[in-house]
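Undergrad: Quick one: structure below, then a few questions.
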Amino acid sequence: MRGTANFEQRGDKVRVSANVSGLRPNSEFGFHIHEAGDCSSGDGMSAKGHFNPYGKPHGAHNIPEHHAGDLPSLKSDANGDAELTADVDVVTVSSGPASIIGRGLIVHAQPDDFKTQPTGNAGARSACAVIQRLS
């Protein structure tokens, strides 16, 4: 699996643009920002839980009550490629408690049901990356 994700501050929201290849074709995958920017464990568990600085329940990114790290799911096409562009709230790329810089970004093996607490029942962590500021 390979991919890129960019996060750009746009007013009070952050635009996330992601392109991921090598996914299971015609499938959906949970996609979350996690607490720690640590991918050293090999299974993504070192990234800890979903980024949740305000103690909210897990849910879809477009409802009022959700983890700061809850992102829309990735949906792959017949070739196993996924593109995502979404504006998300709660997080920021500037300093402060909602900053995502230095956090983990995880692609899960299964779809997020946006209900099961605290993970959305999204399964194993298939890919891990650390969100970094580009200079």
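Undergrad: Just order 78-84, 97-103, 45-51 by mean Cβ neighbour count inside 10 Å, highest at the front, would you?
TA: 45-51, 97-103, 78-84
Undergrad: Would you work out the relative contact order for the chain, in percent, from Cα pairs under 8 angstrom that are 6 or more residues apart?
TA: Once normalised by length, the contact order is 30 percent.
Undergrad: Turning to a different aspect of this structure: Each residue of the stretch 27-33 in turn: what ³J(HN,Hα) in whole Hz from Karplus with 6.51, -1.76, 1.60 and θ = phi - 60°, glycine and Pro shown as x?
TA: Karplus-based 3J(HN,Hα) across the stretch 27-33 equals 9, 10, 9, x, 9, 9, 8 Hz.
Undergrad: Which translational diffusion coefficient, to the nearest whole µm²/s, is obtained for the stretch 2-135 from the Stokes-Einstein equation, given a Kirkwood hydrodynamic radius over C-alpha pairs, 25 °C and 0.890 mPa s?
TA: 169 µm²/s
Undergrad: Please give the peptides 25-32, 121-128 ranked by average Cβ packing (other Cβ atoms within 10 Å per residue), highest first, as a rough proxy for protection.
TA: 25-32, 121-128
None of the figures in this text is laboratory data; all of them are computed from the coordinates on show. Here the structure is a predicted model, which means the values were calculated and not measured. Using ideal geometry, Cβ is built from the backbone for each residue, glycine included, and neighbour counts are taken over all protein chains shown.
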